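The values are calculated or read from the model by the stated rules, or taken from the named source; none is laboratory data. Owing to the predicted nature of the structure, the values given are computational and were not obtained by experimental measurement. With ideal geometry, Cβ positions are generated from the backbone for all residues, glycine too; neighbour counts draw on all protein chains shown.
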Amino acid sequence: MRKQPLVFIAIIWVCATSVAQETYLDVVINYTPTSLSYGGNNSALKDYKKGYWGLQAGASLQAGITQNLSLVPELYFVMKGGRLEAGNPLNGQETRIRFNAIDLPVMARIHLWDFYVNAGPVVSYNLGGHIKTEASELQPGDKAGMDFGDTLGAYSRWDAGVQFGVGYGFKIKNSRLLLDVRYHYGLVDVGNGADIYNRYLNMNILFSKRWKKDPLAKRKKEELARWEQAGDTPKDGLD
């Protein structure tokens, strides 16, 4: 009978580890808003800045760890940037700045029924971009590719920051629809001293299919059966 407590503990452990959030692969194709923050050195631009709507496409994998916790690595191609209205003190022209970037966030997600909150770091790589100015009465319009490097006037290839937000999931049989809202807080001055940061509220609608069944589920059932059998089998000299 000395094995009974061990059997009981093993059963509790197997049951606890077998109950976890399901794993989903989310496909993302969105037209989403982004914006640039110009910091204290460019406070005069604050009243002229506007958001930029761009394409976001990629995938998000929600890997269930426990019933209330998931790890969510994501990979996106994002067109992001910002706009300045005409009359701005920088160049006086309506200006659009666009980065074509690859974003890699890794989020920790806490589930509260169909709601969740998540947060984590994000690393970005700027593949390219351009700056477009609209023609005015005094100046012609122009569109030029971005220069990337470490010097003032060029832009940084690498960006990093944190993302945090909330979401809600609508289950549809073996699929689901997610409404995800999060804030992207850029920590890197992508203007190399010009005080320009990618900071914006991001809104996503994600459609996903449930991942294949947990490959450990069968093994856990077999372990549970073995422990139950061992606990019910009397041993000589122990009773």
Original post:
Which fully enclosed strands (runs of 3 or more DSSP E) of segment 154-210 have 1 or more residues being without any contact (Cβ under 8 Å) to a residue 12 or more places away in the chain and among the acidic types (D, E)?
Top reply: none
Original post:
Can you tell me how many residues in segment 137-166 are within 28 Å of R182 (Cα to Cα) and not hydrophobic (A, V, I, L, M, F, W, C)?
Top reply: 7
**OP:** Identify, by number, the condition in (1) surrounded by 16 or more Cβ atoms within 10 Å (Cβ to Cβ); (2) within 15 Å of the chain's Cα centre (by Cα) that Y168 doesn't meet.
**Re:** (1)
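Using the structure shown, decide if A44 is surrounded by fewer than 19 Cβ atoms within 10 Å (Cβ to Cβ) and either at pLDDT 90 or above or under 20 Å from the mean Cα position of the chain (by Cα) (or both).
Judged against the criteria, A44 is not a match.
Of N88, N118, N126, which residue is under 20 Å from T34 (Cα atoms), in a loop (DSSP other than H, G, I, E, B) and in contact with a Phe, Trp or Tyr (Cβ under 9 Å, 6 or more places away or on another chain)?
Only one candidate qualifies: N88.
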Original post:
Given the conditions (1) at positive phi; (2) part of a strand (DSSP E or B), and given that R109 satisfies all but one, which numbered condition is not satisfied?
Top reply: (1)
Original post:
Taking segment 84-101, which residues are out of contact with any Lys or Arg (no Cβ under 8 Å at 6 or more places or on another chain) and among the small types (G, A, S)?
Top reply: A86, G87, G92
**OP:** Test each condition in (1) within 21 Å of N202 (Cα to Cα); (2) touching an Asp or Glu at 6+ places or on another chain (Cβ under 9 Å) for G87 and report the one that comes out false.
**Re:** (1)
Original post:
If only one of V190, V162 is buried (at least 19 other Cβ atoms within 10 Å of the Cβ), hydrophobic (A, V, I, L, M, F, W, C) and at negative phi, which one is it?
Top reply: V190
